[in-house]
Each structure stands twice: as structure tokens, then as C-alpha cells.
């Protein structure tokens, strides 16, 4: 007599005979602790089989159909389930150490508290599986699919998950220390409170993932993509994150101390309260990053020159002037943010460095803008910001000429500002400029014999010329020497320069003293 088990699938009938004196076969009869150890069950149809607490250790279940089967608390240690179908099965609390589940289907299966340590699940499909508190220590899951699976508080110590598809997976509170997740797809995953200390996340895709409070200390995050991820209060201490992408991430109060962020992308990231003590940020892109309240940036290894400025220089060398303008503008914004941060922190020398770089990039931007044709100038959104005067006449046919004049004027002024005072940061340069002007005019007066005390035959010595140059420059004008009519305009120009330079010197010195 055939087994009378009624499947949830309409119309299906059990292919096995019922047990003697009963209505159900040995597979469907609800009897716990069935002894099936070492059995060869290859390709058997065990759909909805009742195997609760069964001993299936060392059994061969390759290609077996176990859809909807009840394997709660079963023992399958050392069993082979290659290509087996366990979709919608209940394997909770089962002991499956060292089991081979390569290419197995475990969609929608329930595996809460299941022990799968050192198991092989390569290419297995665990989509929508519920595996809360499962033990997967040392498990192999390369190329496995875990779409929207739940592994809350699961243990994945030393697990191998390289190139696994884990979009939307819930790993809240999971222990993934020293796990290998190279190239895994974790987009939109929930990893808050997850411990991934020492994990390998090279090339892992974590866009839009939630890692709030996660531990990533001593991990390898090279080229990992965290774009727009939630990383608030995350611990990335002593990790390697070279070329990692943290674009527009929330990194509030994150700990990056001793981390290597060389060439990392931090564009638009929220770094409020983040700790960068002894972090390496060389070539990191900080454009538009929110760095207010950032901690210990003073001890981080920061590039003096923004990566965007270097890329812009490369664009100029290639003749890509429009791209260069965009990047120069971004570099200016980055330097402004860093300057303001260090100034607010009382690190005025560090603030001065980025103030100088800001002005140097302005010079490059002004010079690059002059290489664009009229149509490009009108279309470029950065030109009106940096050349407001000439852009008022953009509808005028002389627009390009006016902008050329303004551009060259700005560039020449910028270079003079740099040479005279290092953009207002060096009183010594102002002093040296003053001495240069004084001695230059001294030689003019001395060689031309352009000063007199009254008699036309008076020939000034070098010392007398120097004395006259000093009193003219300082606008003291004692009256004992006078410029000849042929040299009066020269003397007036020195007096004008002197008044300007002295006032400028006072401003520069005062600025450094009162800040």
C-alpha cells in the first residue's frame, strides 16, 4: 500500500510504500530519532520527510530532494548533500559539521542555531534563509547566494565568503572575525554591531549597507566600496583602507586611528567627531567632506597638495581645460575646509599651509581659464564665480577680451601677492621685499646722481643715496636731500610703494600675532 502522506503541493503522491500496519512510509511517519547513519540516499525524493532528530551522519544525500523536510535537531555530520534541494526545509538545531552542501538549494530554509562549522557550501543558494545564531565557523561559502538571508547573531569566524552574493542580508550582531569576504556583494546589507575584526574585505561592495557600530579593526578594506553606507560609530582602527570608497558615507564618530586611508575617497562624507589619530590620509579625496568637530586630524598624515589639484594639473598637461577647472574649484573648496578646521582648532601654522595652497590653486585656475575659447567660457559654471566682473559683460561681444584683462590682472596680482608675502603669511618676505625696493632705488639715485642738497655740482655717495632711499621709502622726508626734477617721479613712486609696503607689513605681523 502506498504512503498516504498529503503533500502541500496539490496532486503529488508519495512514491514509497507505507510501513507495515501503518498509512505512512518510513520517511513521512512522525517518529523522531530515526537511525539512517551511513545510508546511500542519492537522488531520493524526500520532500516533506519527517527526519526530526534523525541520525543521518556520513550519509550520501547527493541530489536528494528534501524540499520542506523536517530535519530539526538531526545529525548530518560528515554527510554529502551536493546538489541537494533543501528549499523551505527546517534544519534548525541540526548538527552539520563538515557537511558538503556544494551547489545545494536552501532557499527559505530555516536553520536557526544550526551547527555548520567547516561545512562546504560553495555555490549554495541560501536566499531568504533564516539562519539566526547559526554556527558557520570555518565554513566555505565562495560564490554562494544569500539574498535577504537572516544571519542575526550568527557566528562566521574564519568563514570564506569570497565573491558571495549577499545583497540585503541581515548580519546584525554577527561574529565575522577574520572572515574572507573578498569581492562579496553586500549592497544594502544590515551589519550594525557586526564584529569583522581582522576580516578581508578587499573589493567588497557595501554600498548603502548599515554598519553602525560595527567593528572593522585590523581589517583589509582595500578598494572596498562603502558609498552612501551608514558607518556611524564604526571602529576601523589600524585597518588598511587604501583606495576604499567612503563617498557620502555617514562616518560620524568613526574611529580611524592608525588606519591607512591612502588614496581613499571621502567626498561628501560626514566626518563629524571622527577620530583620525595617526591615520594616513595621503592622496585622500576630502572634497565637500564635513570635517567640523573632527578629532586628531592634527596627528594624521595629510597631503599638503590635494589629490584633486594633482588630477587637475594632469588635465592641464593633457589639454583638458574644462575638467581641470572643475577639479581646481574642488581643490579650493577642500583647502578652505581644511584651513577653517585647523584655524578653529588653534593650529594656525597648519591652517596657513592650506590658506597658501588655496591661493596657489586660484592662480592655476585663473591661468587655465584664459586658455578656453569664448563659448567655453560662457558655458563654464566656474568662470562667473571666479571672474564676476567680466562675466557681467558676457552678452557683450568684447566679453572674451574683458575676461582676458581681468584674468591676467588677477593672475599677476596673485603672483605678486605670493612673491611679496607668501600670500600674507610671511612677514620676513615683506621685510625682504622692502629691502629689495630700498636698495633698487638706492642704485637708481646713486648711478643717476638724482639727489641734491642745493648746489648743482653735488654728487651723492652710495651711503647718501641709501639714506635718501630709506627716508623716502618710510616717508619721513627730513629735507636735507631733495630729488632732482628728472628723478622726482621715481622718488614719488618709492614713497607710494613704501607707504603701501609698510602698511602691509603691519597687517601681516598683526594678523599672525592676534590670531
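Just so it is clear, none of the values below were taken in a lab; they were calculated from the coordinates. In this text the structure is predicted, and so the values were computed from the model without any measurement. Every residue, glycine among them, receives a Cβ derived from its backbone with ideal geometry; neighbour counts consider all protein chains shown.
Can you tell me the FRET efficiency between residue 488 and residue 432 if r is taken as the Cβ-Cβ distance and R0 is 30 Å, rounded to the nearest 0.05?
Once rounded, the FRET efficiency stands at 0.65.
Any idea how far the Cα center of segment 243-283 sits from the one of segment 1-57, in Å?
With segment 243-283 and segment 1-57 each reduced to a Cα centre, they are spaced 57 Å.
Taking just the alpha carbons, could you work out the radius of gyration and Dmax for segment 427-514, both in angstroms?
14.1, 52
Set the Förster distance to 56 Å, then compute FRET efficiency between residue 405 and residue 178 from the Cβ-Cβ distance, nearest 0.05.
0.30
Please compute the Cα-Cα pair-distance distribution of segment 147-280 with 5 Å bins starting at 0, giving whole percents from short to long.
It works out to 3, 13, 22, 31, 18, 9, 3, 0, in whole percents.
If packing is taken as the average count of other Cβ atoms within 10 Å, what order do 9-19, 59-69, 437-447, 483-493 fall into, highest mean first?
59-69, 437-447, 483-493, 9-19
Expressed as a whole number of Å, what is the distance separating the alpha-carbon centroids of segment 466-515 and segment 404-426?
21
May I ask you to order 281-290, 461-470 by the average number of other C-beta atoms within 10 Å around their residues, highest value first?
Going from most to least packed, we get 281-290, 461-470.
Would you give the gap between the C-alpha center of segment 190-233 and the C-alpha center of segment 114-158, rounded to a whole Å?
Here the two parts' Cα centres lie 18 Å apart.
Using the count of nearby Cβ atoms within 10 Å as a rough guide to exposure, how do 481, 256 rank from fewest to most?
Ascending Cβ contact count within 10 Å gives the list 481, 256.
Between residue 1 and residue 123, 0.36 nm times their residue separation minus their Cα-Cα distance comes to what?
40.0 nm
Work out, step by step, the length gained on full extension between residue 26 and residue 340: first 0.36 nm times the residue separation, then minus their alpha carbon distance; give nm to one decimal.
Additional length available on full extension: 105.3 nm.
Share of antiparallel DSSP beta bridges in the chain, in percent to the nearest 5?
5
Counting each DSSP H run of 4 or more residues in the chain as -39500 (n - 2.57), what helix-only mean residue ellipticity at 222 nm follows after dividing by all residues, to the nearest 500 deg cm²/dmol?
-10000 deg cm²/dmol
Stokes-Einstein at 37 °C, 0.692 mPa s, Kirkwood radius from Cα pairs: D for segment 127-171 in µm² s⁻¹?
Details: Rh = 10.2 Å.
This corresponds to a translational diffusion coefficient of 322 µm²/s.
What is the spin-label model distance, in nm, from residue 148 to residue 9 if the labels are put 7 Å beyond Cα along the C-beta direction?
2.2
Simple spin-label model, 7 Å along Cα-to-Cβ: residue 19 to residue 463 in nm?
It works out to 12.7 nm between the two label points.
What distance in nm separates the two pseudo spin-label positions at residue 440 and residue 310, each 7 Å out from Cα along the beta-carbon direction?
With each label point 7 Å from Cα toward Cβ, the separation is 3.7 nm.
Which angle from 0 to 90°, rounded to the nearest 10, does the C-alpha axis of helix 399-421 make with the longest principal axis of the chain?
In the chain, helix 399-421 runs at an angle near 80 degrees to the longest axis.
Contour minus end-to-end for residue 416 and residue 499, with contour as 0.36 nm per residue of separation and end-to-end as the Cα-Cα distance?
28.2 nm
Between the helical axis of 348-369 and the dominant principal axis of the chain, each derived from Cα atoms, what acute angle in degrees is found, rounded to the nearest 10?
Tilt relative to the chain: about 80 degrees.
Based on the mean of other Cβ atoms within 10 Å per residue, sort peptides 170-181, 416-427 so the most packed one is first.
Result, highest mean first: 170-181, 416-427.
Per the Cauchy relation, a quarter of the hull surface: what is the mean projected area of the convex hull of the alpha carbons in the chain, in nm²?
34.4
Using only Cα atoms, find the angle between the long axis of helix 488-514 and the longest principal axis of the chain, and express it within 0 to 90 degrees, rounded to the nearest 10.
For 488-514 against the chain, the angle is about 40 degrees.
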